[in-house]
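No value in this document is a laboratory result; all are computed from the given coordinates. Keep in mind that what you see is a predicted model, and the values were worked out from it rather than measured. So basically every Cβ, Gly included, is an ideal-geometry build from the backbone, and we count neighbours across all protein chains shown.
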Amino acid sequence: MPNLMPRQPKNIVILISGSGSNMAAIVRAAQAQHWQQQFGAHVAAVISNRPDAAGLQLAQSLGVATQVLSHQAFATREAFDAALMALIDTHQPALVVLAGFMRILTPAFVQHYAGRLVNIHPSLLPAFPGLNTHQRALDAGCTEAGCTVHQVTAELDHGPMLAQAAVPVLPGDSADTLAARVQMQEHLLYPQAIRDWLRSAACR
Ligand code: GAR
């Protein structure tokens, strides 16, 4: 018997704070690889906590709806996260993707999206959680650096790992040259990890 049940739509909401290059890589992959037809998945919205984030225009140029919720309009982290949850939930997301969303999240937010909240971090976690990952990798004399896609849990830059990519640290690297090499991998790794997540979600 063919399965005639309509497929649950899998809305993806992407949160950004800056240039949005990972967001763009995901949107382009979704379009080029026909995630809508393959998985019933599409990027429903890109939301920024910064009105001046360059990624907003980039998302619009890719045909994705954008919304801004400035954290500066809220007195507390809890109040901002509650408003952000309400905004995200208008899209009924199957997956919430943090793509350079530079906010520490409250436990309530993380709990609300448990199992459907992912992040990319520019280091080979568990090494170098937090900021300035590339300079710290150089200072530590690492011969490899990289990036990690992981599920988000209450602890910053922790949570079950979904995918990782490594690059060599080259003689003469600065934090900027290393960041650029890592970012090239981020743009491949993040769409691939989300596609894998959608593929396994399609079987659930
Ligand atoms: C990316 O390199 C991402 O790994 C990093 O911010 C950058 C955002 O760039 N995220 C973190 O540091 C999170 N802890 P983008 O806006 O061009 O995607």
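What percent do you get for the relative contact order of region 92-137 when only Cα pairs under 8 Å and 6+ apart count?
That works out to 37 percent.
Between E144 and A179, what is the label-to-label distance in nm when each label sits 7 Å out along the Cα-to-Cβ direction?
2.4
Sequence-distant or interchain residues sharing an amide H contact under 5 Å with G20, placed H: which?
Those lying under 5 Å, H to H, from G20 are G55.
Which of rounded, prolate or oblate describes region 44-135 when judged by the alpha-carbon gyration tensor and an a/c cut-off of 1.5?
Since a/c stays below 1.5, the shape of region 44-135 is classed as rounded.
Applying 1/(1 + (r/R0)^6) with R0 = 25 Å to the Cβ-Cβ distance of A86 and A202, what FRET efficiency is obtained, to the nearest 0.05?
Working from the Cβ atoms, E equals 0.35.
Where Lys and Arg each count +1 and Asp and Glu each count -1, what net charge lies around N49 among other residues with Cβ under 15 Å from its Cβ?
Neighbour charge sum, excluding N49 itself: 0.
Step through the residues of region 40-45 one at a time and calculate ³J(HN,Hα) from phi using the Karplus curve (6.51 cos²θ - 1.76 cosθ + 1.60, θ = phi - 60°), rounding each to whole Hz and writing x for Gly and Pro.
Per-residue couplings from phi come out as x, 10, 8, 7, 7, 6 Hz.
Once the other residues with Cβ under 9 Å from the Cβ of A108 are scored (Lys, Arg +1; Asp, Glu -1), what is the net sum?
Residues close to A108 contribute a combined charge of -2.
Once you order the gyration tensor axes a ≥ b ≥ c over the Cα atoms, which shape class does region 91-180 get: rounded for a/c under 1.5, otherwise prolate or oblate by comparing a/b with b/c?
Since a/c reaches 1.5 and a/b is larger than b/c, the shape of region 91-180 is classed as prolate.
Using alpha carbons only, how many degrees (0 to 90, rounded to 10) separate the axis of helix 77-89 from the longest principal axis of the chain?
Between helix and principal axis, roughly 50 degrees.
Let a ≥ b ≥ c be the square roots of the eigenvalues of the Cα gyration tensor of region 49-204; is it rounded (a/c under 1.5), or, if not, prolate (a/b larger than b/c) or oblate?
prolate
With each label point set 7 Å from Cα along the Cα-Cβ vector, what nm distance links E155 and Q135?
The modelled label-to-label distance comes out at 2.6 nm.
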